[in-house]
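Student: Here it is: the structure, laid out below.
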Amino acid sequence: MALWIEKYRPKRFEDVIGQTDSVEKLKAMLKKGDIQHMILSGPPGVGKTTCAIVLTMSLFGDKWNQNFMELNASDDRKLSVIQGKVKEFARSRPIDAPFKIILLDEADSLTQEAQQALRRMMEEYSGTCRFIFSVNYQSNIIEPLQSRCAILRFQPLSKEDVFKFINKVAESEGLKMDEKAKESLEYVSKGDLRALTNLLQSLSNISKIITDKMVYDNAGMIDRGKIKEGIETALGGDYLKSRKIFEEVIGTGANMKELLSEIFDIITDDKVVDKKISSYVVEKLAETDYRILEGATPYIQFQSFLAFLSTLKH
Ligand SMILES: Nc1ncnc2c1ncn2[C@@H]1O[C@H](COP(=O)(O)OP(=O)(O)OP(=O)(O)O)[C@@H](O)[C@H]1O
Ligand SMILES: [Mg+2]
């Protein structure tokens with residue numbers, strides 16, 4: 001089954017909703033043939049990756065894929081990856097194109113060291129490579145990188161824009177919904193079109209007629225129940241079973257950051273954890289969060305957190 005986020009990803013600048021300033025800047029660069037290194041900053045799911053891909057397609061046509069690399073920095077943010085994968089791609093010769101493009105998603109979570117390495121690479125390989133950093137917070141990017149980049153600010157999408165997008169997908173997929181359902185979709189997705197698209201796709205598997213109740217019932221609620229179940233299972237001492245439950249949660253696309261903050265809410269709000277030990281659990285969770293931020297492998301760190309929970313019973 002094709003993912004709707006790919007199916008509905010705009011292929012041309014004309015199809016990008018909103019973001020007129022950034023799109024104009026990109027078009028101007030294209031026209032001049034002067035593509036700079038860039039920071040695309042803004043909230044999740046408003047078109048940053050999309051615009052980077054459209055730019056690459058406009059530049060390189062059919063060959064765009066061979067001259068483009070996308071790295072999700074939160075999984076690959078270690079210095080070794082920057083010095084390995086990124087460097088290898090940056091220094092290799094572009095294929096029927098003047099340069100290559102590297103998109104680093106979530107670059108604001110790159111370590112300082114990794115950013116310093118990138119800064120050197122940007123200079124060394126500026127003849128063959130352009131770097132695009134996609135960030136939620138520009139302030140986490142070191143000054144020398146910021147000063148080497150054109151900065152494009154992506155705006156939160158207006159309600160009107162989100163409605164435009166909902167109408168487009170609804171029409172093309174034959175979904176029926178009233179204004180109240182659209183309002184609720186806009187509300188739960190907070191303007192994040194990726195979240196919105198994924199939600200619409202999963203709702204369409206339930207019914208082609210979408211109501212606001214369905215939207216609220218399915219926006220994150222199921223996951224939260226599953227997460228709680230996973231925590232309770234671990235606390236009950238069954239590490240393997242809790243691991244299975246969380247593999248399902250992660251399989252539905254939950255990212256580590258979201259997962260950890262959900263877990264924080266559950267263990268502090270729902271009184272799932274005995275008061276006597278809850279401070280240890282929070283401390284352990286904070287440690288896991290920190291290690292992941294510092295570049296440890298998220299999956300292993302998370303498993304170690306679950307293993308810790310499952311020892312508490314004894
Ligand atoms: N401005 C937009 N116009 C049309 N579709 C959009 C727009 N922004 C996002 N989308 C839709 O949402 C999906 C995700 O968008 P995209 O990957 O560009 O988000 P992003 O800004 O890079 O988010 P993140 O910060 O989470 O990486 C796209 O596949 C597309 O379907
Ligand atoms: Mg992105």
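All of the numbers you see were taken from the coordinates with simple rules; none came from a lab. What you see is a predicted model; the values in this text were computed from it and never measured. Note that each Cβ is placed from the backbone with ideal geometry, even for glycine, and that neighbours are counted across all protein chains shown.
Student: Could you give the C-alpha radius of gyration of the stretch 159-218 expressed as a fraction of 2.2 N^0.38 Å, taking N as the number of residues it contains? Intermediate values should be presented prior to the final figure.
Tutor: Working: Rg = 9.8 Å, N = 60, 2.2 N^0.38 = 10.4 Å.
Compared with the compact-globule rule of thumb, the stretch 159-218 sits at 0.94.
Student: Which net charge results for the neighbourhood of G61, defined as the other residues with beta-carbon distances under 15 angstrom from its beta-carbon, given Lys and Arg at +1 and Asp and Glu at -1?
Tutor: +2
Student: Next question. Longer than 31 Å from Cα to Cα, which of K182/K226; K7/K27; K164/K226 are they? Say none if no pair is.
Tutor: Over 31 Å Cα-Cα: K164/K226.
Student: Would you mind counting up the charge near L26? Only other residues with Cβ under 13 Å from its Cβ, with Lys and Arg at +1 and Asp and Glu at -1. Write out the running numbers ahead of the final one.
Tutor: Values: positive: R12, K25, K27, K31, K32, K48, R130, R153; negative: E14, D21, E24, D34.
Surrounding charge for L26 is +4.
Student: From the P(r) of the stretch 222-311, could you give the percentage of C-alpha pairs in the tail past 18 Å?
Tutor: 36 percent
Student: So what are the stretch 76-175's ellipsoid semi-axes, whole angstrom, largest first, if each one is the square root of 5 times an eigenvalue of the alpha-carbon gyration tensor? Please report the intermediate quantities before stating the final value.
Tutor: Details: eigenvalues 207, 66, 33 Å².
Working from the Cα gyration tensor, I get semi-axes of 32, 18, 13 Å.
Student: Of all DSSP beta bridges located in the chain, what percent are antiparallel, nearest 5?
Tutor: Of those bridges, close to 0 percent are antiparallel.
Student: Give me the log10 of I(q) over I(0) for the stretch 144-192 at q = 0.16, 0.32 Å⁻¹, as the Debye formula computes it from C-alpha points; what are the numbers?
Tutor: Summing over Cα pairs of the stretch 144-192 leads to -0.54, -1.23.
Student: Next up: Provide the gained length on full extension for the span D15 to S204, in nm with one decimal, where the gain is 0.36 nm per separating residue minus the Cα-Cα distance.
Tutor: Numbers: separation 189, 0.36 × 189 = 68.04 nm, distance 2.31 nm.
Extra length from D15 to S204 when fully extended: 65.7 nm.
Student: Helix 159-173 sits at what angle to the longest principal axis of the chain, using alpha carbons and giving 0 to 90 degrees rounded to 10?
Tutor: Approximately 90 degrees, to the nearest ten.
Student: Still on this model: To test your reading of the geometry: what angle, between 0 and 90 degrees and rounded to tens, separates the Cα axis of helix 48-60 from the longest principal axis of the chain?
Tutor: 30 degrees
Student: I would also like to ask the following. Normalised by the empirical 2.2 N^0.38 Å for globular proteins, what value does the Cα Rg of the stretch 26-106 take?
Tutor: So the Cα radius of gyration is 1.11 times the expected 2.2 N^0.38 Å.
Student: Enumerate the residues in the stretch 155-170 having an amide nitrogen under 20 Å from the point lying 7 Å beyond the Cα of L30 toward its Cβ.
Tutor: 155
Student: Order the peptides 275-284, 234-243 from the highest to the lowest mean number of other Cβ atoms within 10 Å of their residues.
Tutor: Highest mean packing first, the order is 234-243, 275-284.
Student: Follow-up. Using a 10 angstrom cutoff on alpha carbons, build the Gaussian network for the chain and name the most mobile of S126, S172, S189.
Tutor: It is S172.
Student: Here is a further query. So if I take the alpha carbon set of the chain, get Rg, then get Rh from the Kirkwood formula, what is the Rg over Rh ratio?
Tutor: On the way: Rg = 21.6 Å, Rh = 21.5 Å.
Rg/Rh: 1.00.
Student: For the stretch 222-311, what is the relative contact order in percent, using Cα pairs closer than 8 Å and at least 6 residues apart in sequence?
Tutor: 39 percent
Student: Give me the angle, in degrees from 0 to 90, between the Cα long axis of helix 275-293 and the longest principal axis of the Cα atoms of the chain, rounded to the nearest 10.
Tutor: Once rounded, one gets 20 degrees.
Student: Could you work out Rg/(2.2 N^0.38 Å) for the stretch 4-153, with Rg from alpha carbons only? List each step's numbers first, then the result.
Tutor: Values: Rg = 14.3 Å, N = 150, 2.2 N^0.38 = 14.8 Å.
This ratio for the stretch 4-153 stands at 0.97.
Student: Find, among the GluC sites (Glu not before Pro) in the stretch 147-195, those assigned to loop by DSSP (not H, G, I, E, B) with at most 16 other beta-carbon atoms within 10 angstrom.
Tutor: The qualifying sites: there are none.
Student: So, one more: What residue among I206, I142, I292 shows peak mean-square fluctuation when the chain is described by a Gaussian network model with Cα springs under 10 Å?
Tutor: Largest GNM mean-square fluctuation: I206.
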